Amino acid sequence: SQLPLFLKGQVVNGFGRGSKDLGCPTANFPREVAQSLPKDLKTGVYYGWAKVDSGPVYKMVVNIGWCPFYQNKELSVETHVIHNFDEDFYGSILKICVLGYLRPEKNFPSLNNLISAIKQDIEDAKQNLDIKENIIFRDHDFFKN
Ligand code: ADP
Ligand code: MG
């Protein structure tokens with residue numbers, strides 16, 4: 001199958017969709033990283049592990065979706081690292097290991113619905129990552145400095 005997926009790239013500016021205002025900043029990869037994904041990958045929300053520069057490996061949720069900015073012809077990969085960082089890390093090297101699928105992309109009727117869905121995604125990711133089949137990837141060679 002297509003998972004796990006290992007992705008690495010510099011954190012670039014996103015599309016200013018205000019993820020941070022929703023309490024859920026998403027670090028964007030450059031287009032090349034999204035273009036390297038399997039063409040038939042299901043879009044939606046996935047979970048896995050993430051590392052910024054030489055920092056610790058944290059849990060994450062990542063939205064892999066069609067990007068309206070490019071007329072929905074290109075995928076965007078936006079990672080929310082489940083950790084409170086003191087500062088932004090634009091320009092840093094982000095590594096992610098994508099392990100499992102949570103749900104398809106959806107249009108939410110309201111902002112509150114969207115925020116609840118994100119909170120639920122984060123809870124689901126945390127739980128899934130605590131099982132040993134997923135924990136082992138936290139220590140994968142991919143994350144070694
Ligand atoms: P953009 O549209 O530029 O992606 P966001 O509102 O989505 O803006 O914020 C993303 C930025 O926030 C990231 O590029 C990163 O520098 C910073 N950031 C801070 N904390 C986190 C976090 N926990 N997960 C992801 N990005 C974070
Ligand atoms: Mg973003």
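The values are calculated or read from the model by the stated rules, or taken from the named source; none is laboratory data. Source: prediction; values computed, not measured. Here the Cβ is made from the backbone with ideal geometry for all residues, glycine too, and neighbour counts use every protein chain on show. In case anyone asks, the SASA skips ligands and DNA or RNA and just uses the protein heavy atoms, side chains included. Shrake-Rupley method; radii C 1.70, N 1.55, O 1.52, S 1.80 Å.
Dividing the helix sum by the residues of the chain, where each DSSP H run of 4 or more adds -39500 (n - 2.57), gives a mean residue ellipticity at 222 nm of -5500 deg cm²/dmol. Kirkwood's formula applied to the C-alpha pairs of region 3-145 gives a hydrodynamic radius of 15.3 angstrom.
State which entries of LYS51/LYS126; LYS42/LYS126; LYS8/LYS106; LYS42/LYS106; LYS73/LYS119 exceed 24 angstrom in Cα-Cα distance in the structure shown. Those over the limit are LYS8/LYS106; LYS73/LYS119. Dipole orientation for the chain: of the candidates PRO68, ALA50, GLN120, PRO68 has the Cα lying most toward the positive pole (charges on Cβ; Lys, Arg +1; Asp, Glu -1).
Per residue, the solvent-accessible area of region 60-131 (1.4 Å probe, heavy atoms of protein chains only, all protein chains present) comes to 58 Å². Using r as the Cβ-Cβ distance of LEU111 and LYS8, and R0 as 30 Å, what FRET efficiency do you calculate, to the nearest 0.05? That pair, LEU111 with LYS8, gives E of 0.40.
Taking the 1.4 Å solvent-accessible surface of the chain as the whole, the part contributed by carbon and sulfur is 49%.
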